[in-house]
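Derivation of every value follows stated rules applied to the coordinates shown; laboratory data play no part. On a predicted model such as this, the values are computed, not experimentally measured, just so you know. Neighbour counts run over all protein chains shown; Cβ positions are idealised from the backbone, glycine included.
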Amino acid sequence: MYALGPGAGWTLGLDLGASHFELQAQGLDGSELRSLSSADRSAPALRRRAAAAVRQCTTDFAGHGPLRAVGIAVPRIVPTPTPATLADPWLPDAGLDDLVAEFRLRSDVPVLPENNVNCAALAELQSGAAVGQTNFVYLQVGLRIGMGLVLNGRLIRGDRGAAGEIARLPFPFAPGSTYRPDAFEHYVGSGSLLQRAHETWTDGAPPPTVPALFELAASGHRGAVAVVQAHARDIANAALAVVAVTDPALIVLGGGVGQNEQMAPAVERVLAEYGVEIPIRTSAFGDRASVRGATSIAGDYAMTTLVGGRYPARVDFGTWAGDQLPPEVTPGR
């Protein structure tokens with residue numbers, strides 16, 4: 001009976017990586033106002049370019065009502081901003097105050113940073129491969145590995161914002177072995193995948209890139225198929241650990257390796273060998289999952305501030321918003 005009009009306001013989502021950014025501006029009525037991307041090897045230059053793009057949007061979309069919130073996906077843990085967590089040596093140096101200040105255009109427009117894999121999980125929940133699911137896992141497999149966990153329809157961040165950091169799973173894990181921090185992430189990363197392919201390759205020149213490896217596997221090249229199947233088993237081992245702890249109804253694979261169409265069915269077959277019958281789907285958004293999730297966070301915040309706790313927000317904004325929250329509003333509770 002009621003709907004938001006084009007003047008109700010708009011939000012911004014930004015995926016700010018080490019060498020690229022993706023931006024998405026969206027009206028609260030669901031209209032997409034702008035979508036753009038840019039790359040730069042210089043991190044400071046990239047942030048300046050991203051900030052300029054955000055400021056340009058505020059000028060171009062002034063007729064769509066107020067900017068309600070800015071969501072930013074970052075490739076790092078986003079801790080709860082308390083003295084205890086920011087001083088925790090287990091967490092990386094926060095460094096988020098400068099980021100928030102740089103992209104906070106007005107005092108009444110909150111900037112909401114979130115881990116990029118968590119953002120991707122929220123995007124899949126809202127309108128992607130996990131629509132209708134209340135319990136699922138998003139596994140991002142590419143240069144590195146990460147996980148976004150959604151239980152009972154809400155993103156699980158943990159006590160320090162580090163839930164889903166499966167790169168820290170003990171590896172190798174066997175009698176007499178020595179645990180090395182982040183060894184698992186190194187082993188399942190795309191760089192090691194390509195290295196193992198080169199070490200076992202016997203039929204001509206090995207593939208120069210991971211996409212080339214997958215192309216050969218898709219064409220039926222026996223050596224490439226063997227490497228891809230072995231990697232699917234490694235990813236399935238990580239999925240088995242996650243399933244044992246969280247019991248999700250679905251696993252969504254994303255990232256440069258995970259989103260390849262060969263991976264989901266291969267991982268599903270390995271899980272079935274262990275008696276785990278769980279569907280594995282490929283990300284609906286690929287490389288744009290994180291920016292869509294950042295936009296989703298900003299939209300959830302905006303809707304929550306408009307209608308109060310009656311809006312079913314999918315993330316607890318209090319973890320970072322802090323004094324950015326209007327005193328009369330307690331969103332997500």
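Summary table
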read-out	value
Rounded FRET efficiency, nearest 0.05, which uses the C-beta distance separating HIS186 from ALA51 and R0 of 30 Å	0.35
Nearest-ten-degree value, helix 289-307 long axis tilted from longest Cα axis of the chain	30 degrees
Relative packing of peptides 55-64, 151-160, 293-302 - highest average C-beta neighbours within 10 Å first	293-302, 151-160, 55-64
Extension gain from SER42 to ARG233, taking 0.36 nm per residue of separation minus the Cα-Cα distance	65.1 nm
FRET E, pair GLU277, ILE156, Förster distance 22 Å, beta-carbon r, rounded to 0.05	0.40
For the chain, alpha-carbon Rg and Dmax in angstrom	20.7, 68
Between 0 and 90°, nearest 10: helix 222-246 axis offset from the chain longest Cα axis	50 degrees
Residue-span extension gain [PHE173 to SER127] - 0.36 nm each, minus C-alpha spacing	12.8 nm
For region 11-78, share of DSSP beta bridges that run antiparallel, in % to the nearest 5	70 percent
Separation of the ALA226 and THR59 label points, Cα + 7 Å toward Cβ, nm	6.0 nm
The chain: antiparallel DSSP beta bridges as a percent of all, rounded to 5	55 percent
Nearest 10 degrees, 0 to 90: helix 263-273 Cα axis against the chain principal axis	60 degrees
Chain lengthening between ASP316 and ALA101 when straightened (0.36 nm per residue, less Cα-Cα)	75.3 nm
Listed peptides 228-240, 265-277, 168-180 by packing density, highest first (mean Cβ within 10 Å)	228-240, 265-277, 168-180
Ranked packing of 38-49, 22-33, 135-146, 99-110, most packed first, by mean Cβ within 10 Å	135-146, 22-33, 99-110, 38-49
Inter-site label distance for ALA18 and MET1 at 7 Å from Cα along Cβ, in nm	5.4 nm
5 angstrom amide H check on THR282, placed H, neighbours 5+ away	LEU253
